[in-house]
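Remarks on the structure that follows.
The values are calculated or read from the model by the stated rules, or taken from the named source; none is laboratory data. It should be emphasised that the depicted structure is a prediction, and the values quoted were computed from it without experimental measurement. Neighbour counts run over all protein chains shown; Cβ positions are idealised from the backbone, glycine included.
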Amino acid sequence: MNGHKRLFGLRGACQCLNEEKDISRQVVELYDELLRRNQLPEADIVSIIFSVTDDLDAKNPAAALRQGGRAGEASLFAVQEARIRGGLERTVRILVHCYLDEDQEIAHVYRNGAEVLRPDRK
């Protein structure tokens, strides 16, 4: 480690049931795993963007994360995913903008059925 930091974008996704409880649980678990695998303190997060497929309307993932006691200082934003024929349903995607050591190997997280989106990341 050289001590210099740079801005990174960490990616991830998970599939959820269209239920408040499951969306909340899946989003918090996805976020926690991203932080754990990248040894990322919340203080180094700048912003988080979520996208949600149109079949998930029971809970906003940004609200779920905040209500889960996470990302208190980060800017959060959620958008509806573009509808693409054959796209993976019931999916929340996340993009975390954060500062990490510039030579750190980053880990993206795809879980609970979303692994099919990035088979190269297993």
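A few notes on this one:
- Candidate set from the range 77-102 (those that are surrounded by 15 or more Cβ atoms within 10 Å (Cβ to Cβ) and without any contact (Cβ under 8 Å) to a residue 60 or more places away in the chain); member that is farthest from Val52 (Cα to Cα): Ala78
- Filtering the range 89-122 to residues that are closer than 25 Å to Glu20 by Cα, among the aliphatic types (A, V, I, L, M), in contact with a helix residue (DSSP H, G or I) (Cβ under 6 Å, 6 or more places away or on another chain) and not in a strand (DSSP E or B) leaves nothing.
- Filtered by the rule that a residue be of a type in the set (D, E, K, R), at pLDDT 90 or above and surrounded by 14 or more Cβ atoms within 10 Å (Cβ to Cβ), the range 103-122 gives a lone residue, Arg111.
Conditions tested, residue by residue: (1) farther than 25 Å from Ala82 by Cβ; (2) touching a Ser or Thr at 6+ places or on another chain (Cβ under 8 Å); (3) at pLDDT below 95; (4) not charged (D, E, K, R).
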residue	(1), (2), (3), (4)
Arg11	no, no, no, no
Cys14	no, yes, no, yes
Asn18	no, no, no, yes
Lys21	yes, no, no, no
Arg25	yes, no, no, no
Leu35	yes, no, no, yes
Leu40	yes, no, no, yes
Asp44	yes, no, no, no
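- Qualifying positions in the range 20-76 - under 12 Å from the mean Cα position of the chain (by Cα) and loosely packed, with under 15 Cβ neighbours inside 10 Å: Asp32, Ser47
- One residue from Leu40, Leu56 being within 16 Å of Val109 (Cα to Cα) and assigned to a loop (DSSP other than H, G, I, E, B): Leu40
- Scanning the range 9-19 for residues that are closer than 11 Å to His108 by Cβ and either in contact with a helix residue (DSSP H, G or I) (Cβ under 8 Å, 6 or more places away or on another chain) or buried (at least 19 other Cβ atoms within 10 Å of the Cβ) (or both) yields a total of 3.
- Matching residues, the range 59-75, being in contact (Cβ under 8 Å) with a residue 40 or more places away in the chain, among the hydrophobic types (A, V, I, L, M, F, W, C) and in a helix (DSSP H, G or I): Ala64
- Some residue of the range 66-79 being closer than 17 Å to Gly113 by Cβ and charged (D, E, K, R): no
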